[in-house]
Amino acid sequence: MAHPPVVLHEPREVRALVRRLRGKDQPVVLVPTMGSLHEGHLSLVRTGAKLGPVVVSIFVNPAQFAPGEDFESYPRDLARDLDLLAGLPVTAVFAPEQRTLYPEDSDTWVEVERLSAPLCGAHRPGHFRGVTTVVAKLFGIVGPDVAVFGQKDAQQCLVLHRMTRDLEMPIELIFAPTVREPSGLALSSRNRYLDEPDRQRAMRLSEALFAGRDVLRTGERRRDAVEAAMREALADLAFDYAEMRLLPDLAHPQVVSEARVLLAVAAHVSTARLIDNLCLQVTAGEVREAPLFDDATLEAVSARLAAGRVDEKENHG
Ligand code: AMP
């Protein structure tokens, strides 16, 4: 019978576990979450488990909530989360206390400056600084070989990719596709704030993205026209942005040609601030959905991990 994974609260316990797992010559995988788990989180676990033993972290990170946001009311239910993880190949859950990650004299921040500035960064002051800081702490504690994140938070993926590269962190990042309800609504812990009429309204976000994509599919390549279609779909909602940006640098040119683009929206429905995006490969004759990074596929990462282990063996005789 499925049983809940072991829950660790202290960094030294996680380090000891990861040392033991590493001894078996397999990549250790971290899936960072804020809990209130849903099928989107579980899909990250399943993806990670194809590579090696999985540690799921559950921590509602105060530093990534801007003043006045929903840090206090963010849904927390560790018992339910553990039940959901019980059926999955999860080796351990790391659920630190706030004072463990942010002791009173904590004084260090990690910031990716330019990529954190537009989109959500422009509307949630300090948000990405909070994300990069907590993920750097988790990486420092767990020391995973691989970490899995969801493309649902595409800007977060870009920012974390840049952080690991700039800080030479020896960690492979995998970005897993967004899990949606059949209606198109992207799964989110904040969907719990929505009643049925709210959920209907929340569908506007994915509809806006599909509207933007469909405009591109007519051959239109001007940013204004694509963004106007997205804004029109969101007209009933208070929205923060509806933008078409280039990947991977989030540039905002007037016209796109052959490019990988991100359509991104953020809007308020009742008390929930929701985000969604589509990543599209645009060529002269075609507009199709694509991963954020070509090289982030599971196969490419497995190959790099295998090559890394060969290198290490060669270097150490
Ligand atoms: P959160 O608990 O909201 O911080 O999310 C933890 C991880 O789950 C992040 O990497 C998110 O991008 C990812 N995630 C959240 N929602 C989804 C979804 N609908 N599909 C795929 N991944 C998701």
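The values are calculated or read from the model by the stated rules, or taken from the named source; none is laboratory data. Because the structure is predicted, anything quoted here is derived from the model rather than measured. Counting neighbours? That spans all protein chains shown, and the Cβs are built from the backbone with ideal geometry, glycine included. Quick note on the areas: whole protein, heavy atoms, side chains included, nothing else; ligands and nucleic acids left out. Shrake-Rupley method; radii C 1.70, N 1.55, O 1.52, S 1.80 Å.
7 Å from Cα along Cα→Cβ at both Leu298 and Glu69: what's the point-to-point distance in nm?
The answer from the label model is 3.0 nm.
Translational diffusion coefficient, Stokes-Einstein: compute it for the chain using the Kirkwood radius over C-alpha pairs as Rh, at 20 °C and 1.002 mPa s, and state it as an integer in µm² s⁻¹.
Numbers: Rh = 20.5 Å.
In µm²/s, the coefficient rounds to 104.
Suppose all protein chains stay in the model; what accessible area per residue would a 1.4 Å probe give for the chain, in Å²? Could you put the intermediate results ahead of the total?
Working: 14800 Å² over 317 residues.
In whole numbers, the chain has 47 Å² accessible per residue.
Checking the a/c ratio against 1.5 first, then a/b against b/c, what shape does the Cα gyration tensor give for segment 152-273? Could the numbers behind the result be given before it?
Details: a/c = 2.14, a/b = 1.17, b/c = 1.84.
The shape class here is oblate.
So how much slack lies between His123 and Arg217, counting 0.36 nm per residue of separation and subtracting their Cα-Cα distance, in nm?
Separation in residues times 0.36 nm, less the Cα-Cα distance, equals 30.9 nm.
Which of the three applies to segment 223-265, rounded, prolate or oblate, going by the alpha-carbon gyration tensor with a ≥ b ≥ c and a/c under 1.5 meaning rounded? Kindly include the intermediate steps, with their values, before the conclusion.
Working: a/c = 2.95, a/b = 1.90, b/c = 1.55.
Because a/c hits 1.5 or more and a/b exceeds b/c, segment 223-265 counts as prolate.
Using the eigenvalues of the Cα gyration tensor, what equivalent ellipsoid semi-axes result for segment 198-249 when each is taken as the square root of five times the eigenvalue, whole Å, largest first? Display every interim value, and only then the final one.
Values: eigenvalues 79, 29, 19 Å².
Value: 20, 12, 10 Å, ordered largest first.
Once you put a point 7 Å from the Cα of Leu88 and another 7 Å from the Cα of Ala228, both along the Cβ direction, what distance in nm separates them?
4.3
Would you please classify the overall shape of segment 8-108 from the alpha carbon gyration tensor, given that a ≥ b ≥ c denote the square roots of the eigenvalues, rounded means a/c under 1.5, and beyond that prolate means a/b larger than b/c while oblate covers the rest? If you can, show how the numbers build up before the last one.
Details: a/c = 2.23, a/b = 1.33, b/c = 1.67.
In terms of gyration-tensor shape, oblate.
Averaging over all projection directions, find the projected area of the Cα convex hull of segment 17-65 and quote it in nm² with one decimal place.
Numbers: hull surface 16.1 nm².
Value for segment 17-65: 4.0 nm².
Would you kindly derive the ³J(HN,Hα) couplings of segment 125-139 from the backbone phi angles with the Karplus curve 6.51 cos²θ - 1.76 cosθ + 1.60 (θ = phi - 60°), listing them in order in whole Hz, with x for Gly and Pro?
x, x, 4, 6, 4, x, 5, 5, 5, 5, 5, 4, 4, 4, 4
Around Thr100, under 15 Å between beta carbons, what's the net of Lys plus Arg minus Asp minus Glu among the other residues?
Values: positive: Arg12, Arg15, Arg99, Lys137; negative: Glu10, Glu13, Glu97, Glu104, Asp105.
That works out to -1.
Please report, as a whole percent, how much of the solvent-accessible surface of the chain comes from carbon and sulfur atoms (probe radius 1.4 Å).
Details: 7400 of 14800 Å².
Here it works out to 50 percent.
Report the gain in length on full extension from Arg288 to Ser257: 0.36 nm times residue separation, minus Cα-Cα distance, nm rounded to one decimal. Intermediate values should be presented prior to the final figure.
Numbers: separation 31, 0.36 × 31 = 11.16 nm, distance 1.37 nm.
Working it through step by step, the gained length comes to 9.8 nm.
Summing Lys, Arg as +1 and Asp, Glu as -1, what charge do residues with Cβ under 15 Å from the Cβ of Tyr193 carry, Tyr193 excluded? Mind dumping the intermediate values first?
Numbers: positive: Arg76, Arg190, Arg192, Arg199, Arg201, Arg273; negative: Glu69, Asp70, Glu72, Asp77, Asp195, Glu196, Asp198.
Local charge sum for Tyr193: -1.
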